[in-house]
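Heads up: the structure comes next, in structure tokens.
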Amino acid sequence: QVQLAESGGGWVQPGGSLRLSCAVSMRNFSLNTMAWYRQAPGKVRELVAKIHRSGSTNYAESVKGRFSIDRDTVKNMVYLQMNSLQIEDTAFYYCNTWPYSHNWGQGTQVTVSS
């Protein structure tokens with residue numbers, strides 16, 4: 001069974017930074033592509049970034065150059081470093097596999113406002 005626990009969200013002013021963490025409980029964590037998703041109020045959940053077992057990464061166009069995903073296969077953790085945050089980044093952020101499983105965590109809320 002997959003268990004996901006996101007943390008690290010909060011309120012930040014535009015231009016600020018946050019680092020999100022996700023504790024993952026699953027078999028063969030290192031073999032899975034992991035991803036961060038987000039859902040803003042009134043919008044569908046969208047893929048933000050993913051990291052493959054090789055370590056290669058992909059990003060949504062809207063976050064390229066600002067966000068960075070990484071993972072620790074010893075600690076079973078996935079991280080999302082978010083820099084130069086914009087108001088449009090306000091959302092609940094979730095980690096999951098890619099493609100996603102139906103075992104979503106609670107997410108962590110990120111609010112960017114002045």
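If you roll a 1.4 angstrom probe over the protein chains with everything in place, what fraction of the accessible area of the chain belongs to carbon and sulfur, to the nearest %?
On the chain, the fraction of accessible area on carbon and sulfur atoms equals 47 percent.
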Convex hull projection area averaged over all views, the chain, Cα basis, nm²: 6.5 nm²
Environment charge at ASP89 (Cβ cut-off 14 Å; Lys +1, Arg +1, Asp -1, Glu -1): +2
Selected from GLY15, GLY55, GLY42 as most flexible by GNM, with the chain as the system and alpha-carbon contacts under 10 Å: GLY42
Average projection area in nm² (convex hull over Cα atoms of segment 1-53, one quarter of hull surface): 4.8 nm²
Contact order normalised by residue count of the chain, Cα under 8 Å, 6+ apart, percent: 38 percent
Point-charge dipole on Cβ atoms (K/R +1, D/E -1) for segment 16-106, about Cα centre, debye to 20: 200 debye
Sites matching GluC sites (Glu not before Pro) across segment 34-98 that sit in DSSP coil, with at most 15 neighbouring C-beta atoms within 10 Å: GLU61
Cβ-based charge dipole, segment 1-96, positive-most Cα from LEU47, GLN3, GLY15: GLN3
Positive minus negative residues near CYS22 (Lys, Arg vs Asp, Glu; Cβ under 10 Å): 0
Solvent-accessible area per residue, Å², over segment 61-114 with all protein chains present [probe radius 1.4 Å]: 54 Å²
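The values are calculated or read from the model by the stated rules, or taken from the named source; none is laboratory data. A quick note: this is a predicted structure, and the numbers were derived from the prediction, not measured. Methodologically, a virtual Cβ is constructed for each residue, glycine included, from the backbone with ideal geometry; neighbour enumeration extends over all protein chains shown. With ligands, DNA and RNA removed, areas are computed over all heavy atoms of the protein, side chains included. Shrake-Rupley method; radii C 1.70, N 1.55, O 1.52, S 1.80 Å.
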